[in-house]
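To start, the structure under review is shown below, and the notes come after it.
The values are calculated or read from the model by the stated rules, or taken from the named source; none is laboratory data. Every value quoted in this text rests on a predicted model; they were computed, and no experiment measured them. Virtual Cβ from ideal backbone geometry, glycine too; neighbours counted across all protein chains shown. With ligands, DNA and RNA removed, areas are computed over all heavy atoms of the protein, side chains included. Shrake-Rupley method; radii C 1.70, N 1.55, O 1.52, S 1.80 Å.
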Amino acid sequence: MSPVFPTVREVLALVPVRHGAPRLVAGEAGLDRPVRWVHVAEVPDIATLLRGGELVLTTGIGLPAEDAGLRAFIGDLADVGVSGLVVELGRRYVSAVPRVMATAAERRGLPLVELRRATPFVRITEAVHALIVDAQLTELRATEEIHQRFTELSVEGAEPAEVLRQAAELAGCPVVLENLSRQVLAYDPAGESAELLLDGWEQHSRRIRPAGRTAYDPDSGWLVTTVGARGQDWGRLLLRWPAAEAAPPTRLTILIERAASTLALGRLIRRDAEGLERQIHRTLLTALIDHSRPVDEVALRAKALGVTLDRRHLVGVVVRHRSDDPAGDTGPDAEDPGAARRRDRDAVGPEAGPARLRDLAEAVGQAVREAKLPALTSAVDDHAVGALLALPDPGAEEKALAAFAAALRRVRLDAAPLRPFTPRPGRPVDGADRVGGARPVDGPSRPAVVVAAGSGVGSLREARRSLVEARQIAEAARRDPRDLPCFRLPHVGLAGLLHLLRDEPRLQTFVERELGPLLAYDAQHPREQLLDTLRAYLEQGRNKSAAAVAAHLSRPAFYERLARIGRILDADLDSVEQCLSLHVALLALDAVRTP
């Protein structure tokens, strides 16, 4: 958007001025000064009546005759901040203005223009004032558009990136949103180079010190306003004004303040959502997993957020709860999770899942900070939180993962809530049960969360593979009874391999070939569920007596079910080879069914 007032250069191009055959005598450096008004003066002390920004027109008939008086006249005009001085020749000065006047104007950078042909001043004033009025109307329309645009964004609950895009489009200037630590949360380069805009941002930003909540810093050329609401400031919004020698127009101040209020309002109405930093982390991790943004852009935005991903050893980490049901976490009812879910479902409520995920995301973020690991962290789906660790070299991988796992365990132990516990009849009461009738939700047997890490990679383009592998390992390790600090691919064995291959059509075909008839039978007879009987038999190493106990069936009933399964599948359940094939198919079915 152009400035409200025309410049001296633009005034000299107007037809009434060109009619006077203007010639610039001095002060070329000030031709881009804005002209706020045009004032006709024929007295030497006119400066006392001016406020600055005026273009003064005179014939010179009232100016001092001595050199000292002319120097003082020019000095007074420059001191008050007039835009320029136009002198019509012919009445006082015939062929040119005095040399002393030109020298003084050049020294003060004041544009001094001769009109070598007689020109009615009224035509000049009418033309300039019409230009100013038109510009003010344009400014008013632009201001109305600003208010309308940002009102719509506020109503729509627009994301910060969209607010900044609209601000940059309306201003035609780069816009940056940063937090109080001078880390970039969002930006729009307005067509300029993003790399140049964000290079060394933190150091550059700390040199921008406006005098006020909303102010222009002429030394850096940035218009700045504080972002916050209800007395809690959380960031700054900055707009770079290219004409550093002149303050930005009023509409840009209105624009940046409206944009800031829209951002603050958006944060307030998303009070249950993640902080802006976490939102950006989630955007970047999701972009890596989904290939929704170029990796160069992800690296640039991550660097602006304080996480350098270029030329780093990257390791994807996923932390998830073993149970998808908030009431089914490992804890005092781990032996009977179904009972826990039935008992706690009403108490937990539908909001427990998102709250639990937010708590886990906060714990992962705090663990990363405590372990002093540069990383992007955020929820990656409805049940898991991901982290992309950026390490200096591959040799730091194992140490970093151990430090993260230990920090996460400390964080979750410190924050673990106590759940009231009532022992079931016949169940022994241990020491944990005696402490106030409560125990940590995670319980003493095994932690309720699984930490999994993918293979380290050497470039950001490969980061997706590490993150996806970590998520698959975490899924496969959910049923693993071991309490490992961090699961890796070798730890999950066959189940992990099958989980990695769960989208492979040939694996799905194998499952249908081996178990399809039994699955179809169970679908028609939901009360029997012979698949669970087969699972108990195979998990007990084909020990029929132990399997009958595990399935809560009498041995005759269990034997009859096994015989029926053999007929349905046309399989010999005494054959080691056939049972091995069925067991692999069961593990593959679990992998395929895992969301």
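Quote to one decimal, in nm, the extra length available between Glu512 and Val576 on full extension: 0.36 nm per residue of separation minus the C-alpha distance between them. Provide the component values of the computation, followed by the final result.
Numbers: separation 64, 0.36 × 64 = 23.04 nm, distance 2.01 nm.
Separation in residues times 0.36 nm, less the Cα-Cα distance, equals 21.0 nm.
What Kirkwood hydrodynamic radius do you get for segment 1-72 when you take the inverse of the mean 1/r over all pairs of distinct Cα atoms, in Å?
Details: mean 1/r = 0.0723 Å⁻¹.
For segment 1-72, inverting the mean 1/r across all distinct Cα pairs yields 13.8 Å.
What full-extension length gain, to one decimal in nm, is calculated for Arg461 and Ala396 as 0.36 nm per residue of separation minus the Cα-Cα distance?
Working: separation 65, 0.36 × 65 = 23.40 nm, distance 2.02 nm.
Extra length from Arg461 to Ala396 when fully extended: 21.4 nm.
Name the shape class, rounded, prolate or oblate, that the alpha-carbon gyration tensor gives for segment 171-230, where a ≥ b ≥ c are the square roots of its eigenvalues, rounded holds for a/c under 1.5, and otherwise prolate holds if a/b is larger than b/c and oblate otherwise. Numbers along the way, then the final one.
Working: a/c = 1.42, a/b = 1.34, b/c = 1.06.
Note, shape of segment 171-230 comes out rounded.
Send over the semi-axes of segment 187-320's equivalent ellipsoid, whole angstrom and largest first, taken as the square roots of 5 times the C-alpha gyration tensor eigenvalues. It would help to have the intermediate numbers written out before the result.
Values: eigenvalues 176, 80, 32 Å².
Sorted largest first and rounded, they come to 30, 20, 13 Å.
Once a ≥ b ≥ c are taken as the square roots of the eigenvalues of the Cα gyration tensor of segment 78-143, is the result rounded (a/c under 1.5), prolate (a/b larger than b/c) or oblate (a/b not larger than b/c)?
Values: a/c = 4.40, a/b = 1.65, b/c = 2.66.
In terms of gyration-tensor shape, oblate.
Would you please state the base-10 log of I(q)/I(0) at q = 0.14, 0.15, 0.20, 0.24 1/Å for segment 140-254, with intensities from the Debye formula using one equal scatterer on every alpha carbon?
The Cα Debye sum returns log10 ratios of -0.56, -0.65, -1.22, -1.71.
Based on the Cβ-Cβ distance of His129 and Asp67, what FRET efficiency does E = 1/(1 + (r/R0)^6) give at R0 = 45 Å, to the nearest 0.05?
Values: r = 34 Å, r/R0 = 0.76.
The value I calculate is 0.85.
Evaluate the charge dipole of the chain about its Cα centre and quote only its size in Debye, nearest 20, assuming +1 on the Cβ of each Lys and Arg and -1 on the Cβ of each Asp and Glu. Kindly include the intermediate steps, with their values, before the conclusion.
Details: 78 positive and 81 negative charges, 146 e Å.
Dipole of the chain, to the nearest 20 debye: 700 debye.
R0 = 56 Å: FRET efficiency of Thr286 with Glu42, Cβ-based, nearest 0.05?
On the way: r = 71 Å, r/R0 = 1.26.
Taking R0 as 56 Å, the efficiency between Thr286 and Glu42 is 0.20.
Suppose each label sits 7 Å from its Cα in the direction of the beta carbon; what would the Asp483-Lys544 distance come out to in nanometres?
3.9 nm
Going by the alpha-carbon gyration tensor, a ≥ b ≥ c the square roots of its eigenvalues, is segment 28-122 rounded (a/c under 1.5) or, if a/c is not under 1.5, prolate (a/b greater than b/c) versus oblate? Each step should come with its number before you reach the end.
Numbers: a/c = 1.32, a/b = 1.14, b/c = 1.16.
Rounded.
Rounded to a whole number, what % of the accessible area of the chain do carbon and sulfur atoms account for, probe 1.4 Å? Intermediate results must be reported in sequence, preceding the final value.
On the way: 15290 of 29240 Å².
Summing carbon and sulfur atoms, their accessible area is 52 percent of the total for the chain.
For a quick protection proxy, order the peptides 382-391, 20-29 by their average other-Cβ count within 10 Å, most packed first. Can you show the working numbers first?
Details: 382-391: 23.8, 20-29: 17.5.
Ranking the peptides 382-391, 20-29 by packing returns 382-391, 20-29.
With only alpha-carbon atoms in the gyration tensor, what are the semi-axes of the equivalent ellipsoid for the chain, in Å, largest first?
Numbers: eigenvalues 1229, 102, 85 Å².
Listed largest to smallest, the semi-axes of the chain are 78, 23, 21 Å.
Using only the Cα atoms of segment 502-595, what semi-axes does the equivalent ellipsoid have when each is the square root of 5 times a gyration tensor eigenvalue? Give whole Å, largest first.
Numbers: eigenvalues 95, 40, 31 Å².
Its equivalent ellipsoid spans semi-axes of 22, 14, 13 Å.
I'd like to verify something in the chain: which complete DSSP H helices, judged by Cα projection on the helix axis, reach 30 Å or more and average at least 1.6 on the Kyte-Doolittle scale? Could the numbers behind the result be given before it?
Numbers: long enough: 121-156 (52 Å, 0.09).
In the chain, no H run is both long and hydrophobic enough.
Return the loop-located chymotrypsin sites (Phe, Trp or Tyr not before Pro) in segment 73-124 (DSSP other than H, G, I, E, B) with at most 12 other Cβ atoms within 10 Å of their own Cβ; answer none if there are none. Before the final figure, lay out each step's value.
Working: sites: Phe73, Tyr93, Phe121; in loops: Tyr93.
Those that pass, being in a loop and sparsely packed, number zero.
Can you give the Rg to Rh ratio of segment 59-101, both from alpha-carbon atoms, with Rh computed by the Kirkwood formula? Provide the component values of the computation, followed by the final result.
Values: Rg = 10.4 Å, Rh = 10.9 Å.
Computed over Cα atoms, the ratio is 0.95.
Quick one: accessible area per residue over the chain, 1.4 Å probe, rounded to a whole number of Å²?
Working: 29240 Å² over 595 residues.
Accessible surface, normalised per residue, equals 49 Å².
Using Cα centres only, tell me the gap between segment 530-564 and segment 361-397 in whole Å.
Comparing the Cα centres of segment 530-564 and segment 361-397, I get a distance of 44 Å.
Report the full-extension gain for the segment Ala118 to Arg358: residue separation times 0.36 nm, less the Cα-Cα distance, to one decimal in nm. Can you show the working numbers first?
Values: separation 240, 0.36 × 240 = 86.40 nm, distance 7.74 nm.
78.7 nm is the gain from fully extending Ala118 to Arg358.
At most 13 other Cβ atoms within 10 Å and a DSSP loop assignment: could you name the trypsin sites (Lys or Arg not before Pro) in segment 499-595 that fit? Walk me through the numbers before you get to the answer.
Details: sites: Arg502, Arg506, Arg513, Arg527, Arg535, Arg542, Lys544, Arg561, Arg564, Arg567, Arg593; in loops: Arg502, Arg527, Arg542.
Qualifying residues, ordered by number: Arg527.
Only Lys, Arg, Asp and Glu count, each charged at its Cβ (+1, +1, -1, -1), so figure out the dipole size of segment 474-541 about its Cα centre, rounded to 20 debye. Present the calculation step by step, with values, prior to reporting the outcome.
Values: 9 positive and 11 negative charges, 34 e Å.
Roughly 160 debye for segment 474-541.
Please name whichever of Pro174, Leu515, Val307 sits farthest to the positive end of the charge dipole of the chain, dipole taken about the Cα centre and charges placed at Cβ: Lys and Arg +1, Asp and Glu -1.
Checking the options against the dipole of the chain, the answer is Val307.
Between His525 and Glu504, take the C-beta separation as r, use R0 = 22 Å, and let me know the FRET efficiency to the nearest 0.05. Please list the in-between numbers first.
Numbers: r = 30 Å, r/R0 = 1.37.
E(calc), rounded to 0.05, equals 0.15.
Once you put a point 7 Å from the Cα of Leu180 and another 7 Å from the Cα of Thr214, both along the Cβ direction, what distance in nm separates them?
Result for the modelled spin labels: 2.2 nm.
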